[in-house]
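Engineer: Here you go, one structure.
The values are calculated or read from the model by the stated rules, or taken from the named source; none is laboratory data. Since we're looking at a predicted model, the values are computed, not measured. Don't worry about glycine lacking a Cβ; one is built from the backbone with ideal geometry, like all the others, and counts go over all protein chains shown. SASA here: full protein model, heavy atoms, side chains in, ligands and nucleic acids out. Shrake-Rupley method; radii C 1.70, N 1.55, O 1.52, S 1.80 Å.
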Amino acid sequence: MKAGWVGAAAALAVTLTAGVALGQGAADVIKARQQGYKAQGAAFKTINDELKKKDPNIGAIRSSAKAIAETATTQYRWFPRGSGPESGAKTAAKAEIWTDAAGFAAAQKAFQAEAQKLGQAAASGDLKAIRPQVGATGKTCAGCHNKYRVKT
Amino acid sequence: MKADAKIRVRLWDAPTRLVHWSLVVLVGVSWWTHEIGRMDWHRWSGYAVLGLLVFRLFWGVFGGTTARFSSFVKGPRAVAAYVRTLFAPGQAALPGHNPLGGWAIVAMLAALICQVTFGLFAVDVDGIESGPLSQYVSFDLGRSFAEWHELSFNVLLALIALHVLAVVFYLVAKRENLVSAMVTGRRLLDSEPKDIRFAPPGLALLGAALAAAVVWIVMKGGRL
Ligand code: HEM
């Protein structure tokens with residue numbers, strides 16, 4: 001699906017730019033990261049929208065959940081040192097991401113675990129399994145944002 | 001006739017007063033529930049505001065004289081004339097909204113309509129607390145709605161501040177207590193105003209039913 005491609009492209013862009021020295025590249029890393037998160041948000045919205053319908057489109061849920069689960073593994077590379085507020089670029093990433101690296105890594109892990117379960121639930125196509133798992137995944141998004149993202 | 005014999009006149013009917021004070025409370029509740037992150041209550045509070053707005057628009061057309069838009073929305077000339085008398089002493093109080101205040105009501109209602117409408121389409125960053133109509137807009141547009149929702153709240157606050165300042169001005173400079181008038185519905189005036197009629201309670205019930213129906217449909221995401 002579209003969201004998946006955007007997410008994959010963004011992830012690739014982040015990976016490529018993260019390889020080079022930051023500084024001038026920090027703005028690009030941040031932009032690609034935000035693109036990646038936007039795709040996450042769009043994919044997550046697609047799932048939520050489908051679940052509101054009387055007859056949810058399992059195919060759309062499945063591809064969006066897959067995109068989210070894939071991004072959950074690539075997001076580890078989205079935060080190279082130097083891509084925080086100190087870069088001077090416009091970012092909502094808090095400095096705590098790097099000063100509290102263990103806590104941030106735990107938030108990333110928690111998200112990956114729930115996103116993987118969401119991917120499995122979606123693959124099964126069982127709405128009774130998907131619904132609670134969407135909630136559980138959403139909680140890990142919010143949990144990380146509350147701690148490591150500046151409220152804009 | 002004695003010069004300063006004032007009479008108590010009934011101006012605001014119960015529905016108008018109830019809508020007014022409910023909006024005061026619910027705008028506060030809406031702000032507070034978002035502050036503490038209770039977005040479920042935030043939505044309920046917003047739905048209640050939506051219902052009040054629908055009712056108020058209905059009442060502004062079919063309600064009693066002082067509640068009707070046609071009685072208090074005046075052209076620029078009437079507003080300018082009123083403004084010139086604003087600081088002059090000894091002006092007789094008008095029954096109902098004055099030409100300037102009338103526009104304040106329109107502005108506040110318009111800002112509230114924007115506020116609620118933007119909220120209904122708003123998508124939050126986690127995508128879990130979004131408005132019930134957000135499913136009809138893209139993620140990016142929904143995020144823009146959330147930004148406008150924040151922006152219109154600031155506009156709303158500015159208008160409310162202006163409104164409260166005006167009421168304080170009347171209280172201090174003109175010795176007119178508009179607050180008690182909006183609580184009791186009655187105000188001291190020089191003479192019995194002509195042409196003030198009130199709408200029958202049955203009509204208010206009809207307006208309330210209409211408001212409830214609109215809120216119900218919106219809550220269900222626009223699906224009947
Ligand atoms: C009187 C009516 C309302 C008022 C005064 C109000 C006020 C607010 C305020 C002050 C915010 C915080 C904005 C910010 O700083 O980011 C907010 C957020 C929000 N409101 Fe409302 N709101 C109202 C009605 C509604 C309605 C009817 C809905 C939808 C059911 C809604 C949904 C939302 C959502 C989803 C957010 C979060 C946006 C984000 O996280 O970016 N609101 N509201």
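Engineer: Would you point out the residue of the stretch B:4-36, among those that are within 14 Å of another protein chain (Cβ to nearest Cβ) and either within 11 Å of the ligand (Cβ to nearest atom) or within 30 Å of residue B:200 (Cβ to Cβ) (or both), that is most open to solvent (accessible area, probe 1.4 Å)?
Structural biologist: B:35
Engineer: Mind checking which pairs have a first residue in the stretch A:93-110 that is closer than 24 Å to residue A:69 by Cβ and a second that is among the polar types (S, T, N, Q) and crowded, with 16+ Cβ neighbours inside 10 Å, Cβ under 8 Å, 6 or more apart or different chains?
Structural biologist: Once the first residue is closer than 24 Å to residue A:69 by Cβ and sits in the stretch A:93-110, its partners that are among the polar types (S, T, N, Q) and crowded, with 16+ Cβ neighbours inside 10 Å give A:93/A:83; A:107/A:140; A:108/A:75; A:110/A:140.
Engineer: Scan A:142, A:67, A:60 and give me the residue that is within 14 Å of chain B (Cβ to nearest Cβ), under 30 Å from residue B:223 (Cα atoms) and at pLDDT below 95.
Structural biologist: Matching residue, one of A:142, A:67, A:60: A:142.
Engineer: Write out, first by first residue and then by second, each pair whose Cβ atoms fall under 6 Å of each other, whose residues are 6+ apart or on separate chains, and whose first residue, in the stretch B:111-127, is at the interface with chain A (Cβ under 9 Å from one of its Cβ atoms) while the second is open to solvent by 40 Å² or more (accessible area, probe 1.4 Å) and near the ligand (Cβ under 6 Å from one of its atoms).
Structural biologist: none
Engineer: Restricted to the stretch A:115-143, and to residues that are within 16 Å of the ligand (Cβ to nearest atom) and touching a residue at least 40 places away in the same chain (Cβ under 8 Å), which residue is nearest to residue A:101 (Cα to Cα)?
Structural biologist: Only one residue fits best here, namely A:141.
Engineer: Looking at (1) surrounded by fewer than 16 Cβ atoms within 10 Å (Cβ to Cβ); (2) within 14 Å of chain B (Cβ to nearest Cβ); (3) among the aromatic types (Phe, Trp, Tyr), which is the one condition that is false for residue A:76?
Structural biologist: Condition not satisfied by residue A:76: (2).
Engineer: Can you name the residue in the stretch B:134-146 that is at the interface with another protein chain (Cβ under 9 Å from one of its Cβ atoms) and closer than 18 Å to residue A:35 by Cα and, of all such residues, is least open to solvent (accessible area, probe 1.4 Å)?
Structural biologist: Out of the qualifying residues, it is B:142.
Engineer: When only residues in the stretch B:40-82 that are of a type in the set (A, V, I, L, M, F, W, C) and open to solvent by 60 Å² or more (accessible area, probe 1.4 Å) count, which is nearest to residue B:219 (Cα to Cα)?
Structural biologist: Checked the stretch B:40-82; the qualifying residue nearest to residue B:219 (Cα to Cα) is B:44.
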